[in-house]
1. Go through (1) part of a helix (DSSP H, G or I); (2) crowded, with 16+ Cβ neighbours inside 10 Å; (3) hydrophobic (A, V, I, L, M, F, W, C) one by one and return the number of the condition Ala42 breaks.
2. Name the residue, out of Leu279, Leu269, Leu284, that is in contact (Cβ under 8 Å) with a residue 24 or more places away in the chain, among the aliphatic types (A, V, I, L, M), over 25 Å from Ser52 (Cα atoms) and outside any helix (DSSP H, G or I).
3. Leu56 - would you say it is out of contact with any Leu (no Cβ under 6 Å at 6 or more places or on another chain), farther than 30 Å from Gly196 by Cβ and among the hydrophobic types (A, V, I, L, M, F, W, C)?
4. Looking at Ile377, is it in contact with a His (Cβ under 8 Å, 6 or more places away or on another chain), surrounded by 20 or more Cβ atoms within 10 Å (Cβ to Cβ) and part of a helix (DSSP H, G or I)?
5. Which ones in segment 39-86 are in contact with a Gly (Cβ under 9 Å, 6 or more places away or on another chain) and hydrophobic (A, V, I, L, M, F, W, C)?
6. Anything in segment 40-67 that is in contact (Cβ under 8 Å) with a residue 40 or more places away in the chain, under 26 Å from Trp229 (Cβ atoms) and not small (Gly, Ala, Ser)? List them, or say none.
7. At least 3 residues that are under 15 Å from the mean Cα position of the chain (by Cα), at pLDDT 75 or above and among the small types (Gly, Ala, Ser) in each: list the helices (runs of 4 or more DSSP H) lying fully within segment 48-147 that qualify.
8. Scan Leu362, Leu326, Leu279, Leu343 and give me the residue that is more than 30 Å from Gly66 (Cα to Cα) and in contact with a helix residue (DSSP H, G or I) (Cβ under 6 Å, 6 or more places away or on another chain).
Amino acid sequence: MSIQSRQLLWFFAFFLVFELNIYLSNDMIMPAMLGIVDEFQAEAKFVPLSLSLYLLGGSSLQIFLGPLADTIGKRKLVLTGNTLFLLATLAVPFANSIEQFLALRFIQGMGCCFIFIGYAMIHELFDDMAAVKLSSILSSTTILAPLAGPILGSAIISRLDWRYVFFLSGLLALLSLLGLCKNMPRTAPTQPRLDGRAIVRSYIAIFSNKRFMFGMFTAGLATVPLTAWIGFSPIFVLREMGASYTTYIALQCVILSGFVLSSIAIQRLRQDFPLVHLLRLGGLIAAAGMLGAGLGRHHVDVFAACMFVYSIGFGLFNGALIRSALTASKESMTLTTAAMSLLYCIYLSAWLQLYNVLCQRLGYALETYALLNIPVIVVITACLLLFTRGMAGRRESEVRLARH
């Protein structure tokens, strides 16, 4: 293996640490959120609000970073994002109020904005098959973090103060920053200067594309039930049910592992498997699981089993839905991906806050969450059916299997 090849692999390894740490930092702190709001003498509503603001921070910069990446270079932006995340992470433990804590969580979430730049570099620096395999590894972090995060977080807060979660995350951020500084290649900017008018025209075209906008609305809404579970489950399980951290972790593993199984199943499908079939099959499985969870809301084991089924269905259609929405636009993939990230985080934050407001009125309980999901899955299923109309007749190149 050449020196350059080794450097590229080290770059990938440290970028993987950076991305995984961003997701882990959010999931590790969730088991501790009840203790944090109690320490700051705040209300339970701030538990899911912390997640919403973290996601909102992750939607705040993409629309600007896309054009900047082509003008000043991707290396500078990724290192800037890692530094921003490191500083915000180390500042969170020194918050003196819930307001300061939430503000720093918003800034910390901005680190998510820089992830797509690293993905673009990997596709530029590696050949086709290597890029596909490495991107697949990176995508698995979205599966690993919700499973490993609560376990690590629970282990830390069972013996140490919640602030050590951020100290650990800060250590990992420092590691990735040093590694990226040494191994991240220097690439020349592809655009000599910013063409503001061209960028605005491209974004107008992207946001005017009805299929792209409808697809992203559906994708954002479909992610809400599982994201809401991550944000609200400490209240449902630890406070209202009075369950142990072991039960909390077990429920996380059961519900979210369905996404893991669906990802494995997708890898076994042939390359030309029609996305329309994946969208419809996944939608039907997700609908069955969510409706079952609503009916079995008074029995936590039945609820968890049905949410596991929803997780499988969601995993089947989510990547296909995002791929279909992205390819609906003929504009720059960098700008389209930036627009996707922006909309995704905004939709998630808005829907989570709606859940939060309704739970404040109806009560923070597992039964309330399960009932709120029923109208949501009805809308999701209807949107998927509308989105897949006419897809079966599209060219093969537009219906290839691809994962987000």
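1. Checking Ala42 against (1) part of a helix (DSSP H, G or I); (2) crowded, with 16+ Cβ neighbours inside 10 Å; (3) hydrophobic (A, V, I, L, M, F, W, C), the one that fails is (1).
2. Details: Leu279 fails: outside any helix (DSSP H, G or I); Leu284 fails: outside any helix (DSSP H, G or I).
That would be Leu269, the only listed residue that is in contact (Cβ under 8 Å) with a residue 24 or more places away in the chain, among the aliphatic types (A, V, I, L, M), over 25 Å from Ser52 (Cα atoms) and outside any helix (DSSP H, G or I).
3. no
4. Against the criterion (in contact with a His (Cβ under 8 Å, 6 or more places away or on another chain), surrounded by 20 or more Cβ atoms within 10 Å (Cβ to Cβ) and part of a helix (DSSP H, G or I)), Ile377 does not qualify.
5. Here is the first cut: in segment 39-86, the ones in contact with a Gly (Cβ under 9 Å, 6 or more places away or on another chain) are 47-61, 65, 67, 74, 78, 81-82, 84-86.
Hits for segment 39-86 are Val47, Leu49, Leu51, Leu53, Leu55, Leu56, Leu61, Leu65, Val78, Leu84, Phe85, Leu86.
6. Phe40, Lys45, Phe46, Val47, Pro48, Leu49, Leu51, Leu53, Tyr54, Leu55, Leu56, Gln62
7. On the way: elements: 62-72, 74-91, 98-109, 115-125, 128-139.
Answer list for segment 48-147: none.
8. Working: Leu326 fails: more than 30 Å from Gly66 (Cα to Cα); Leu279 fails: more than 30 Å from Gly66 (Cα to Cα); Leu343 fails: more than 30 Å from Gly66 (Cα to Cα).
The match here is Leu362.
The values are calculated or read from the model by the stated rules, or taken from the named source; none is laboratory data. All values reported here derive from a predicted model rather than from experimental measurement. Here the Cβ is made from the backbone with ideal geometry for all residues, glycine too, and neighbour counts use every protein chain on show.
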